[in-house]
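Worksheet for the structure shown next.
Rule-based calculations on the coordinates, nothing more; no lab input. Owing to the predicted nature of the structure, the values given are computational and were not obtained by experimental measurement. Quick reminder, even Gly has a Cβ in these numbers, built from the backbone with ideal geometry, and neighbours come from all protein chains shown.
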Amino acid sequence: MIDPEFLKAEAKKHDISEIEMEALTLAIEGYSTSEIAKKLEIKPDAVRQRLSKGYQKFQVKGSGPVKLRNLLQMLMSRYQEQGHQASTVDNSPSNISETKNNPPSEDLWEKPDVSVFYGRDEELKQLEELIVKEKAPLICLYGLPGIGKSYLVGKLVEQIKCDFDYVIWRSLSNRNQFSEVLEDLLRFMGSSETQKQAYEGISELIKHLRKHRCLVVLDNIEEIIREQDVYRRVKQGYEAYEILLQRIGREQHKSCLLINSHEKPGDINILESSTTPAVHSLQIYGLEKKDAKKILHGKGLTGKDEDVNQLIYYYEGNPLLLNLVSGLIIDVFSKDISKILTNTQLTLTTVEKYKEILRKLFQRLSELEADIIKIIGNIEKDVSFIYLAENIDKKYTPSKLPEAIQSLQARSLIEKIDKNEDEVFYTLRPMIKKYAKEYYS
Ligand SMILES: Nc1ncnc2c1ncn2[C@@H]1O[C@H](COP(=O)(O)OP(=O)(O)OP(=O)(O)O)[C@@H](O)[C@H]1O
Ligand SMILES: [Mg+2]
């Protein structure tokens, strides 16, 4: 890396304070904002402030990671002007893959800050294995809202980004027009031709994915999936995303596309079965009890062990739900979990905001899916396939039933129960069952 004495002298010339330079040096060494915050024991916002002052004083232009690249380039040319060897740092996009000891070029402004993160050891290990060792080209993480997909991938990205030349995170809840997202990706990868038509643009992107090792995260893919469609196809006008998934899943390259979604897109089902073992999907469930406890304790909540366990069980270890109910326990029950349980009965109404999220999920169901949920929701036991087939409205063609069940699994609403019998059984997740009764009453 760049000689520290040279950096110190440059900082002095530009009137950069010690704390600003400390943050800049860590950024140059490849640490992310949240990692710098952790190292310096300050808030990520304070890191951003220090970095932005540093860039200003160095008069570096550009935005996001481009700034860091421009700063590095500027420092490098000054370093060389002073008669030093040019063998230190060159982060220019064309040189990155050849000099892999360098930190990746990254654009992770949309990634969640995961400085408070618990558990997920198994999932992290499995994903790292798939991406770093097996070089999987396409992975889909799916699970209920708030279950922790973005956090998990955020943590993963911090752990594995050094394996890549380019790392970029985009959330489709911020912008989802394909042309804009593609243009963004191409520009980030240093392409001079960012204004291409969708199909040509995808070819241009694949060229980059072949030449460099890139990690692209597209979060909140559910934004572009059709409603009331058992095949979970992309919405009309968004078909280019389908082509992108197909090409990234099937063609030769050395990169990885990671997508997060409430529901597994139908295309992933097809790719998984036709490109084995390249394309993978991973369903994400709630946190383990010991890790969910850390969320509650981290907020200063106390309570009898059995009450803490009951709360976690009720909300199925869903970290968003635990955060929501924690706020209530802090404000109304003096941080005592036992008090909420003795004073009121836990219901989904306790976390009204999540009911709103579930309502939207239910509105996305096709008519047949909704009817299956109603049947399973009305029966206390697990429901067999045969029972479903016999009790579903006769207006549906029987052959449609398996696909509708598959779709409900892809939406994380029903679970298959293996009882080692000839028959297959299904059940609703407890929370979904409670909500289904209310929604369809
Ligand atoms: N492993 C974890 N450790 C600590 N907190 C977590 C963890 N995972 C998630 N959380 C908390 O739960 C919240 C919801 O998690 P996250 O945003 O990752 O869910 P999600 O599955 O991506 O939701 P959505 O589908 O709505 O995008 C986070 O804002 C964070 O506060
Ligand atoms: Mg998310």
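Here are the numbers for the structure shown:
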{"read-out": "Cβ-defined net charge surrounding Ile432, 13 Å radius [Lys, Arg +1; Asp, Glu -1]", "value": "+4"}
{"read-out": "Size of electric dipole in the chain: Cβ of Lys, Arg +1 and of Asp, Glu -1, about Cα centre, debye, nearest 20", "value": "620 debye"}
{"read-out": "Relative contact order of the range 311-441, defined on C-alpha pairs under 8 angstrom at six or more residues apart (%)", "value": "23 percent"}
{"read-out": "DSSP-defined antiparallel bridges as percent of all bridges, the chain, nearest 5", "value": "25 percent"}
{"read-out": "Residue exposure sequence - Phe425, Phe188 - by fewest surrounding Cβ within 10 Å", "value": "Phe425, Phe188"}
{"read-out": "Sequence-distant residues sharing a close amide H with Leu141 (under 5 Å, placed H)", "value": "Ile259, Asn260, Ser261, Leu282"}
{"read-out": "Amide proton proximity set for Asn318, modelled H, under 5 Å, gap of 5+", "value": "Leu287"}
{"read-out": "Qualifying lysines (Cα of each under 25 Å from Cα of Lys133; at least 8 residues distant if same chain)", "value": "Lys100, Lys111, Lys125, Lys149, Lys155, Lys161, Lys207, Lys211, Lys254, Lys264"}
{"read-out": "Residue-wise HN-Hα coupling along the range 32-38, computed from phi with Karplus coefficients 6.51, -1.76, 1.60 (Hz; x: Gly, Pro)", "value": "7, 4, 5, 5, 5, 4, 5"}
{"read-out": "Cβ-based exposure ranking for Met189, Met74, Met21, in which fewest neighbours within 10 Å come first", "value": "Met74, Met21, Met189"}
{"read-out": "Separation of alpha-carbon centers, the range 112-131 and the range 237-312, rounded to whole Å", "value": "11 Å"}
{"read-out": "Total formal charge among the other residues, if their Cβ is under 9 angstrom from that of Leu51, Lys/Arg +1 and Asp/Glu -1", "value": "+3"}
{"read-out": "From phi via Karplus (6.51, -1.76, 1.60), per-residue ³J(HN,Hα) for the range 196-203 in Hz, x at Gly/Pro", "value": "8, 5, 3, 5, 5, x, 5, 4"}
{"read-out": "Under Karplus coefficients 6.51, -1.76 and 1.60, residue-wise ³J(HN,Hα) of the range 389-405 in Hz, glycine/proline x", "value": "4, 6, 9, 6, 3, 5, 5, 8, 5, x, 5, 7, 4, x, 5, 5, 5"}
{"read-out": "Signed unit charges on C-beta, dipole axis of the chain, positive-most listed residue Ser17, Tyr199, Leu258", "value": "Ser17"}
{"read-out": "Whether the chain is rounded, prolate or oblate, judged on the alpha carbon gyration tensor where a/c under 1.5 counts as rounded", "value": "oblate"}
{"read-out": "Ascending count of other beta-carbon atoms within 10 Å, so fewest first, for Lys419, Lys38", "value": "Lys419, Lys38"}
{"read-out": "Amide H partners (placed H, <5 Å) of Ile225, local residues excluded", "value": "Lys235"}
{"read-out": "Relative contact order (%) - criterion: Cα under 8 Å, at least six apart; region: the range 365-439", "value": "38 percent"}
{"read-out": "Positive-end extreme of charge dipole, the range 102-180 - chosen from Ala136, Phe117, Phe178 (charges on Cβ)", "value": "Phe178"}
{"read-out": "Dipole-positive endmost among His297, Ile375, Gly286 within the range 284-386 (Cβ charges, Cα centre)", "value": "His297"}
